[in-house]
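Let me begin by presenting the structure, written as structure tokens, before commenting on it.
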């Protein structure tokens, strides 16, 4: 697995849960970054079975994460985690390059 992005055991466990729930072992977690959100950039998570020409595939803990090269440039060195608390449960990105994040954690600035 490239050192450019890591996947926590918790995030991998959630992806495996979703793969089983959907009955599709080919599902991968797709992470992308786009302009927008309250801090300038926002993370988007989807389930996907397609790897595009400009995608990188990161494998860890028996799951795959797919991310396009442009998004990977913005989050290199980050960790994908799955966090649960009393209010919500969601995939989160711990991005060492983010200079600010919004309260929901889905948007960041650089």
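The values are calculated or read from the model by the stated rules, or taken from the named source; none is laboratory data. Being a predicted model, the structure only gives us computed values, none of them experimental. Counting neighbours? That spans all protein chains shown, and the Cβs are built from the backbone with ideal geometry, glycine included.
Among residues of the stretch 46-59 being in contact with a strand residue (DSSP E or B) (Cβ under 7 Å, 6 or more places away or on another chain) and either at pLDDT below 95 or in a strand (DSSP E or B) (or both), the one that is nearest to residue 79 (Cα to Cα) is 58. If the condition is being surrounded by fewer than 13 Cβ atoms within 10 Å (Cβ to Cβ) and at pLDDT 95 or above, then the stretch 27-45 contributes no residue at all. Of the residues making up the stretch 56-66, not a single one is within 19 Å of residue 84 (Cβ to Cβ), surrounded by fewer than 17 Cβ atoms within 10 Å (Cβ to Cβ) and in contact (Cβ under 8 Å) with a residue 60 or more places away in the chain. Return the residues of the stretch 77-103 that are modelled with pLDDT under 90 and surrounded by fewer than 14 Cβ atoms within 10 Å (Cβ to Cβ); say none if nothing qualifies. Residues satisfying the conditions are 84, 85, 86, 87, 88, 89, 96, 97, 99, 100, 103. When the stretch 68-88 is filtered for residues that are in contact (Cβ under 8 Å) with a residue 24 or more places away in the chain and in a strand (DSSP E or B), the ones remaining, listed by number, are 68, 78, 79, 80, 81, 82, 83.
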